Amino acid sequence: MSQRTDTGLYFDAEARAMERRDRELIPRRLVIAMFSLAIAVVLLVSFAVITDRPLVGQPKAAPIFTERFLVLDPAGKAMRVTDANTGDVVLNVDNGGFVSVVTDGLERARIVHGTEGNPPVKLTLYQNGRLSLFDTGSGWSMELSSFGPGNRGVWLELLK
């Protein structure tokens, strides 16, 4: 019985192929492009800061049409909204929907800023149709007109 000798030729070729494949798992050009993009972003931001470039993409200032101070009391998905001045219940539902989602963001901002208690928020409708929510405790604000007419309508109902 003759024994076959393993010359290693097949295994060597396979090892070389695997080595080549492993080396090209992330192409060098892609790595260079990623770092180039990161450096370009840092340079652009640095240029904007050094030249004191004005901020863009912010809502245009407009006179206030109406505003209301509200206290948002979330309880899981349930939501209770009261008027901060009169104490009247404006909304009391088991599923607050978009109001609950906004309240989640508000609560996070209050945790980050160390706001204690539940200070009122200011809901403002401007003459140009813009609708915004401002937290008096943390300084957090949100443009509510950006989330579609249905969600905007919910907040307009709270404004009445």
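The values are calculated or read from the model by the stated rules, or taken from the named source; none is laboratory data. Treat the numbers as computed from the prediction; the structure is a model and nothing was measured. Ideal geometry is used to build each Cβ from the backbone, glycine not excepted, and the neighbour counts take in all protein chains shown. SASA here: full protein model, heavy atoms, side chains in, ligands and nucleic acids out. Shrake-Rupley method; radii C 1.70, N 1.55, O 1.52, S 1.80 Å.
Quick notes
- Identity of the residue in the range 129-160, open to solvent by 70 Å² or more (accessible area, probe 1.4 Å) and out of contact with any strand residue (DSSP E or B) (no Cβ under 6 Å at 6 or more places or on another chain), that ends up modelled with the highest pLDDT: Glu157
- Candidate set: the range 75-86, residues that are under 17 Å from Phe134 (Cβ atoms) and touching a residue at least 24 places away in the same chain (Cβ under 8 Å); chosen: the one farthest from the chain's Cα centre (by Cα): Ala84
- Answer residue from the range 51-87, given it is among the charged types (D, E, K, R) and not in a strand (DSSP E or B) and is surrounded by the most Cβ atoms within 10 Å (Cβ to Cβ) among those: Lys77
- Going through (1) closer than 26 Å to Ser146 by Cα; (2) open to solvent by less than 100 Å² (accessible area, probe 1.4 Å); (3) modelled with pLDDT of 90 or more one by one, Ser46 falls short only on (1).
- Contact map, the range 87-101: residues that are charged (D, E, K, R) paired with residues that are surrounded by 11 or more Cβ atoms within 10 Å (Cβ to Cβ), Cβ distance under 6 Å, separation 6+ or inter-chain. Pairs shown: Asp94/Ala78.
- Within the range 88-108, being open to solvent by 60 Å² or more (accessible area, probe 1.4 Å), in a loop (DSSP other than H, G, I, E, B) and out of contact with any Ser or Thr (no Cβ under 9 Å at 6 or more places or on another chain) holds for Asp94, Asn95.
- Residue in the range 115-128 that is open to solvent by 50 Å² or more (accessible area, probe 1.4 Å), under 18 Å from Gln58 (Cα atoms) and either of a type in the set (Gly, Ala, Ser) or not in a strand (DSSP E or B) (or both) present: yes
- Flag for Ala84 being out of contact with any His (no Cβ under 7 Å at 6 or more places or on another chain) and farther than 22 Å from Thr66 by Cα: no
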